[in-house]
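Asks: Handing you this structure, nothing more for now.
Read the figures in this text as sums done on the coordinates, not as results from a lab. Since the structure is predicted, the reported quantities are computational estimates derived from the model, not experimental observations. Neighbour counts run over all protein chains shown; Cβ positions are idealised from the backbone, glycine included.
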Amino acid sequence: MSAPESADHVSVHLTDCGHEDANVVFGALEVAFPEGTGPARSETRASLSTADNPVIWCTIVDARTRSDAVSAPAPLTGAVTVDLFGPAHPVRQVQQKLAAVFDVEEHGTVSGEHEVEIRLKLTSLSTS
């Protein structure tokens, strides 16, 4: 597990997705956990991933900035794997906010003494 910056920070790692889907997920996190200063997470640019050059999209979410706002359900082009690392309560807060915008399947949890790691699979919210 990677260590978050503080007891309220959650490390978010996205894999198995391109830049556009990473921006959709980061955009939803920006609405749920506004940063206040600096460039928006979804404005961060990096080289595009390829089969020979996979990319892990990373950000830190400060759970103290949690807002009541929830972004509209956002379409993804495919499934996105999300790993959340940090203290259990803030990690669950991030998971709940993601579940309001995407279909979320939990694919495993590893508990440590002071933190937890959760792997999620996000897909576009089904309309059924």
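Asks: Let a ≥ b ≥ c be the square roots of the eigenvalues of the Cα gyration tensor of the range 58-98; is it rounded (a/c under 1.5), or, if not, prolate (a/b larger than b/c) or oblate?
Replies: Oblate is the answer for the range 58-98, as a/c is 1.5 or above yet b/c matches or exceeds a/b.
Asks: Now a separate question. Under 17 Å from the 7 Å Cα→Cβ point of A79, by amide nitrogen: which residues of the range 103-128?
Replies: Taking a point 7 Å out along Cα→Cβ of A79, the residues of the range 103-128 whose backbone N falls under 17 Å are 103-109, 118-126.
Asks: Please report the net charge: other residues with Cβ closer than 15 Å to the Cβ of S124, K and R +1, D and E -1.
Replies: Result for the neighbourhood of S124: -4.
Asks: Take the alpha carbon gyration tensor of the range 67-128, find the square roots of its eigenvalues, order them as a ≥ b ≥ c, and report rounded if a/c is under 1.5; if not, report prolate when a/b exceeds b/c, else oblate.
Replies: It comes out oblate by the Cα gyration axes.
Asks: Turning to a different aspect of this structure: Starting with the highest mean, order 112-121, 8-17 by the number of other Cβ atoms within 10 Å, averaged over the residues of each peptide.
Replies: Ranked from most to least packed, the peptides come out as 8-17, 112-121.
Asks: What's the extension gain from T109 to V70 if we count 0.36 nm per residue and subtract their Cα-Cα distance?
Replies: Gain on extension, T109 to V70, equals 11.6 nm.
Asks: Find out how many positive minus negative residues lie around L76, taking Lys and Arg as positive, Asp and Glu as negative, among other residues whose Cβ is under 14 Å from that of L76.
Replies: -4
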